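Below: the structure, in structure tokens.
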Amino acid sequence: MKELQINEEIREKEIRLIDENGEQLGLMSSKKAMEIADERKLDLVMIAPQATPPVCRIMDYGKYKYELAKREKEARKNQKVINVKEIRLTPSIEINDLKVKANRAIDFLKDEDKVKVTVRFRGREMGHTEKGMEVLNKFSELISEYGTVDKQPKLEGRNMVMHLNPKN
């Protein structure tokens, strides 16, 4: 949140003034606007410094900042954080080990997390990338009830990567 200029920080000669009820009071000098704000025991806040002339408003600045912070906190509370969990496999993984990894992925998908499945090729395994593709296809069949393939398997360097989304 950027800080707004308030009261004596406003150095403009002429400003457009809006009162606390949202009514325009017109163009006037910043000194006169400050006097009006002091009279009403409120703050003069520059809300649009880029406008010509700049727009200032008479308001209770402390109350305004409090309500803004409250709104931001509420927005953060309603936000859903999506985590991406990673599961690593090898092209020579056995079926029971694959089932264990699939069960782990299903737990992640049930928790509404995305899953990144990576098959890592080492040494001569790079010559048999089709085995990695078979492993990922078998893996996607095992979890098909709980998740869908978001990004098809793709070779990235020495890794083959596939992304899964939870089913709604």
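Some values worked out for this structure:
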read-out	value
Estimated translational D of the chain in µm²/s (Stokes, Kirkwood radius over Cα pairs; 20 °C; 1.002 mPa s)	103
Bridge type composition, the range 22-127 - antiparallel percent by DSSP, nearest 5	45
Heavy atoms of L25 accessible to a 1.4 Å probe, total area in Å² rounded to 10	70
For the chain, accessible area per residue (1.4 Å probe, heavy atoms of protein chains only), Å²	69
J(HN,Hα) series, the range 157-168, from Karplus relation 6.51 cos²θ - 1.76 cosθ + 1.60, nearest Hz, glycine and proline x	x, 9, 10, 10, 10, 9, 10, 10, 10, x, 7, 8
For the range 65-101 versus the range 6-20, the gap between their alpha-carbon centres in whole angstrom	46
From phi via Karplus (6.51, -1.76, 1.60), per-residue ³J(HN,Hα) for the range 92-103 in Hz, x at Gly/Pro	9, 6, 7, 4, 5, 5, 5, 5, 4, 5, 5, 4
All-pairs alpha carbon distance profile, the range 76-168, 10 Å steps from 0, percent	17, 49, 25, 7, 2
Cross-link pairs K85/K151; K80/K114; K99/K154; K70/K110; K99/K131; K80/K110 - those with Cα-Cα distance over 24 Å	K70/K110
Exposure rank, largest accessible area first [K41, K85; 1.4 Å]	K41, K85
In degrees, nearest ten, helix 30-39 long axis to first principal axis of the chain (Cα)	90
Helix 61-77 axis, angle to the chain major axis (alpha carbon atoms, nearest 10°)	10
Aspartates and glutamates whose Cα lies under 13 Å from that of K167, excluding same-chain neighbours fewer than 8 positions away	D107, D111, E112, D113, E145, D150
Long-range HN-HN contacts of L89 with modeled amide H, under 5 Å	T118, V119, R120
For D113, solvent-accessible area (1.4 Å; no DNA, RNA or ligand), Å²	10
Accessible area of S29 in the full protein assembly, 1.4 Å probe (Å², nearest 10)	50
Cleavage-rule hits (GluC sites (Glu not before Pro)) in the range 66-168: DSSP loop, at most 16 neighbouring Cβ within 10 angstrom	E94, E112, E145
Heavy-atom accessible surface of the chain: percent carbon and sulfur, 1.4 Å	46
Sites K99 and K77 - FRET efficiency at Förster radius 35 Å, r taken between beta-carbons, to 0.05	0.35
Sequence of Y146, Y66 when ordered by accessible area, the most exposed leading, probe 1.4 angstrom	Y66, Y146
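The values are calculated or read from the model by the stated rules, or taken from the named source; none is laboratory data. Because the structure is predicted, anything quoted here is derived from the model rather than measured. Quick reminder, even Gly has a Cβ in these numbers, built from the backbone with ideal geometry, and neighbours come from all protein chains shown. Remember, those area values only see protein heavy atoms, side chains included, never the ligands or the DNA or RNA. Shrake-Rupley method; radii C 1.70, N 1.55, O 1.52, S 1.80 Å.
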